[in-house]
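Report on one structure; see the data block that follows.
The values are calculated or read from the model by the stated rules, or taken from the named source; none is laboratory data. Computed from a predicted structure; not experimentally measured. Virtual Cβ from ideal backbone geometry, glycine too; neighbours counted across all protein chains shown. Keep in mind that these areas ignore ligands, DNA and RNA; they rest on the heavy atoms of the full protein, side chains included. Shrake-Rupley method; radii C 1.70, N 1.55, O 1.52, S 1.80 Å.
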Amino acid sequence: MEKDDKVITRFAPSPTGYFHAGTYRTALFSCIFARQNEGKFILRIEDTDKERSKKEYEENIMESLEWLGLKYDAFYRQSDRTEIYKKYIQKLIDSGHAYISKETVVATSTAGQTQPREEVIRFKNPKTKVTFNDLIRGKVEFDTTELGDFVIAKSMDEPVFHLVVVVDDMEMGITHVIRGEDHISNTPRQMLIYEALGATPPRYAHIPLLLGKDRSKLSKRKGAVPMTEYRRKGYLPKAIVNYLALLGWHPTDDKEFFTFDELVKSFSLDRVQKGGAIFDDEKLAWYNRHYILKLTDQEFLESASPFIPEWLSSGSDMNKRLVPILKEKITSFGDIANLLNVSGELGFIKEIPSYPKEMLLWKKDPDFISARTHLTKSLETIKTISNKSFTADAIKVALWSYAETSGKGNVFWPLRVALTGQEKSPDPFVCGFLLGREETIIRLENAISKLS
Ligand code: GLU
């Protein structure tokens, strides 16, 4: 078959479980490769395993790709294509490359029942040496003698993996198959089918496995954190795309930050390593933090909005005041809820917890009268700042010289506790700013009356 020059790649997941990051890295590499060659990127759902394939997994894949911004140009689902496969099975039988084999194959259904089958369709293995030039691994050679006559369909209506992959890659004009290294041993069988159909196989690029931090292989069963889980935790898709791209691919310099468009410019398959790449959640979190810090306040609020509790109504002044401090403290937007809940570092914003008056005493100045004097002075000073200029800096400047003469701990500790009722919180200026002038005054008055 003549192919056009246009590059066509595909991502061909089987919807039989949630996918770990490695699967999306495969999709990412395929998508980038298509884009940099001005080609096409296809999503093909490989759901020939009827018992294990589930709609929810398919939906999860599609949602994840969309969220990551990996747009595909065409979509196929293998269960919609049974007639096409049938035609090819027949063709292989007619040309003597496959045969119906009468045998008792015991298939186990999910219900655990074994069902004897009378017929399967097997490919007549010519038992030759198959060689191909993998774009990542170089020359790969297999002796297919050992493989025997392998099954390509359970019946005319039930083709299995090797056949459908070949038929689809052919029909869809796939030029480059970029997939996980775990498929390398499938390649010779698939190439034999190509040959039997008189077609030229695509180029293959088998990308290295993704390993957990303990160097064990990630799989659907182990280490599979669905991509949508990262969305739920408040990761930025651009951080994930950036991190995934660098798992196994090395740019020519030490550059660490890439947008998708920059990846399209810089990526090359021949700089993908052969050895496994380690997926490290902490490194991913580091990337996420980097991208969060780069957001403008407006962008931050947009991304954060699904994570901001209801009581902080969106668009309120409080939200805007909170942005810089949240930005500094979070790794992912999901951290916001913890920071703002009652026991969180910023929990005092919603409501001040009840605290014993002893907490207002600075450890080096454990005296109620002294604490009261400092709080009264702080309150008077704070009242002189107008609502409009009530910033953390303004509060700090107003109180600074008094605190320097009276002792910073002596003044700022009771002030901070009066505003937060918490042992731990940001500094009292930031707390005052976050609460606003009115609430700051109320809380100071309450603390003073506690000490009266
Ligand atoms: N459907 C296969 C899988 O999910 C991938 C097939 C291929 O990329 O050739 O592992």
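Tally Lys/Arg at +1 and Asp/Glu at -1 over every other residue whose Cβ is under 11 Å from the Cβ of ALA304; what's the total?
Values: positive: LYS327; negative: ASP297, GLU299, GLU302, ASP335.
Charge balance near ALA304 sits at -3.
Can you check what the net charge comes to around ALA34, using other residues whose Cβ is under 11 Å from the Cβ of ALA34 (Lys, Arg +1; Asp, Glu -1)? Don't skip to the end; give the middle numbers.
Numbers: positive: LYS6, ARG10, ARG35, LYS40, LYS71; negative: GLU38, ASP73.
Local charge sum for ALA34: +3.
Keeping the other protein chains in place, figure out the carbon and sulfur percent of the accessible area of the stretch 365-408, with a 1.4 Å probe.
For the stretch 365-408, the apolar C and S fraction of the accessible surface comes to 56 percent.
Send over a whole-number figure in Å² for the accessible area per residue of the stretch 276-383, probe 1.4 Å.
Value for the stretch 276-383: 53 Å² per residue.
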Cα-centred dipole magnitude for the chain, charges only on beta-carbon of K, R (+1) and D, E (-1), debye, nearest 20
740 debye
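Using the structure shown, list the pairs from LYS238/LYS294; LYS329/LYS408; LYS124/LYS154; LYS217/LYS274 with a Cα-Cα distance above 18 Å, or answer none.
On the way: LYS238/LYS294 12 Å; LYS329/LYS408 25 Å; LYS124/LYS154 15 Å; LYS217/LYS274 15 Å.
Over 18 Å apart, Cα to Cα: LYS329/LYS408.
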Mind running the shape call on the stretch 159-290? Use the C-alpha gyration tensor, a ≥ b ≥ c as the square roots of the eigenvalues: rounded below 1.5 for a/c, prolate if a/b tops b/c, oblate otherwise.
prolate
Net lengthening on full extension, ASP80/LYS154 (0.36 nm per residue, minus Cα-Cα):
24.9 nm
If I take the Cα coordinates of the stretch 270-336 and project them onto the principal axes, what are the three extents in Å, biggest first?
52, 19, 17
Once R0 is set to 35 Å, what does the formula 1/(1 + (r/R0)^6) return for the Cβ-Cβ distance between GLN273 and LYS127, expressed as a FRET efficiency to the nearest 0.05?
0.55
Cleavage-rule hits (trypsin sites (Lys or Arg not before Pro)) in the stretch 380-412: DSSP loop, at most 16 neighbouring Cβ within 10 angstrom:
LYS388
Quick check: at a probe of 1.4 Å, how many percent of the accessible area of the stretch 277-332 sits on carbon and sulfur atoms?
50 percent
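When the helix-only estimate is applied to the chain (DSSP H runs of n ≥ 4, each -39,500 (n - 2.57), divided by the residue count), what is the mean residue ellipticity at 222 nm, nearest 500 deg cm²/dmol?
Working: 17 runs with 193 residues, N = 452.
Value at 222 nm, helices only, nearest 500: -13000 deg cm²/dmol.
Starting from the eigenvalues of the Cα gyration tensor, five times each then square-rooted, give me the equivalent ellipsoid semi-axes of the chain, largest first, whole Å.
Numbers: eigenvalues 828, 96, 61 Å².
Gyration-tensor ellipsoid for the chain: 64, 22, 17 Å.
Of the accessible area of the stretch 1-51, with the probe set at 1.4 angstrom, what percent is carbon plus sulfur? Before the final figure, lay out each step's value.
Numbers: 790 of 1870 Å².
Percent of accessible area from carbon and sulfur atoms in the stretch 1-51: 42.
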Report, in degrees rounded to the nearest 10, the 0 to 90 angle that the Cα long axis of helix 187-196 makes with the longest principal axis of the chain.
40 degrees
Just the number, please: Stokes-Einstein D of the stretch 292-377 in µm²/s, Kirkwood Rh from C-alpha pairs, 20 °C, 1.002 mPa s.
143 µm²/s
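May I ask you to give the average projected area over all directions of the convex hull of the Cα atoms of the stretch 312-440, in nm² rounded to one decimal?
Values: hull surface 31.9 nm².
Mean shadow area of the hull around the Cα atoms is 8.0 nm².
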